[in-house]
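To start, the structure itself, in structure tokens.
The values are calculated or read from the model by the stated rules, or taken from the named source; none is laboratory data. Note that this is a predicted model, so its numbers are computed, not measured. Cβ coordinates were reconstructed from backbone atoms using ideal geometry, including for glycine residues, and neighbour counts include every protein chain displayed.
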Amino acid sequence: MPRPTPAQIAYGSATVVFSSAALLLLTPTGSTLLLGALALAALILGCAVAVTVPARSRSRSRSRRERQAAGAAARLPERRTPAHAGSHAGSAVGEHSLHG
């Protein structure tokens, strides 16, 4: 079972809080059994809302970290390798070297 997203948790929690407050204000609560039933109804409603909130798909949208990595890779200069990497004739002419 996939983990709930923060949006699903937020919507579900807000639904539980607001629906329980509304149910308590709208119904006369004289018994503990009725209070338990109202709390259970609010919890079920909150779970239903949390499940129906659409979860973001990983395939459609990339995470912020993936977008930053792709942007950093695009800004890197292209590395060119000489055609004859083994021979020193002509390659690295005019470039400074630490090896002399």
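Assorted remarks:
- Take the conditions (1) modelled with pLDDT under 85; (2) surrounded by 10 or more Cβ atoms within 10 Å (Cβ to Cβ); Ser59 misses just one of them, which is (2).
- Of the residues making up the stretch 30-53, those that are surrounded by 14 or more Cβ atoms within 10 Å (Cβ to Cβ) and β-branched (Val, Ile, Thr) number 2.
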